[in-house]
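Note sheet for the following structure.
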C-alpha cells in the first residue's frame, strides 16, 4: 500500500476488501470545522454480515450519526471496514455496537449514535441502538428516517 502525504493509505488507490473487521484500517482526517458543533451522518442501507451459528447472511440498514471533534472518519475506509463484515460471523448486537466503538476509538467524536435496523430472519427483526451519552446541547440531530419493521401489516 502506498501512503499519500496526508497519511491516508486507501483513498485514491485500489484497495481490497479486508478479510475481517479486525484487519480493516479505519482512517481519519482532520476536521476543518472543529470549532463548530455539527452532525455528520453515514448511511449504509445494504450492510451484510453472517449469522455466527448458521452461516446464513444477515442484512441491515445502518445509520451512523456523530458529532466530530478533531477528526472525521474517512469515508472510503469506512466503506471497506463495513464491507469486511460480509464474511464475519457475529450477532446483530455485536456487529452494531462494535462498529460504533471502533468509530469512537478512531475519531474520538463529541458524540456518536448508531442505529442498526436488521431485516428479519426467522420472523423476528432486531433493531440495535448504541450511543455514547447525552446529545450535546444545541446539536441538531434529525430522526434516523428508518421506519420500524411492519411486515405486511
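What follows draws every value from the coordinates through simple rules; no lab data is involved. These numbers were taken from a predicted model, which means no experiment stands behind them. A quick note on method: Cβ atoms are made from the backbone with ideal geometry, for glycine too, and the neighbour counts reach across all protein chains shown.
Checked against (1) in contact (Cβ under 8 Å) with a residue 60 or more places away in the chain; (2) within 12 Å of the chain's Cα centre (by Cα); (3) within 22 Å of residue 32 (Cα to Cα); (4) not in a strand (DSSP E or B), residue 98 passes all but a single condition, namely (3). Looking at region 125-142, which of its residues are in a loop (DSSP other than H, G, I, E, B) and closer than 21 Å to residue 93 by Cα? Correct list: 125, 126, 132, 133, 134.
Restricting attention to region 122-153, the residues that are surrounded by 13 or more Cβ atoms within 10 Å (Cβ to Cβ), out of contact with any strand residue (DSSP E or B) (no Cβ under 6 Å at 6 or more places or on another chain) and in contact (Cβ under 8 Å) with a residue 60 or more places away in the chain total 1.
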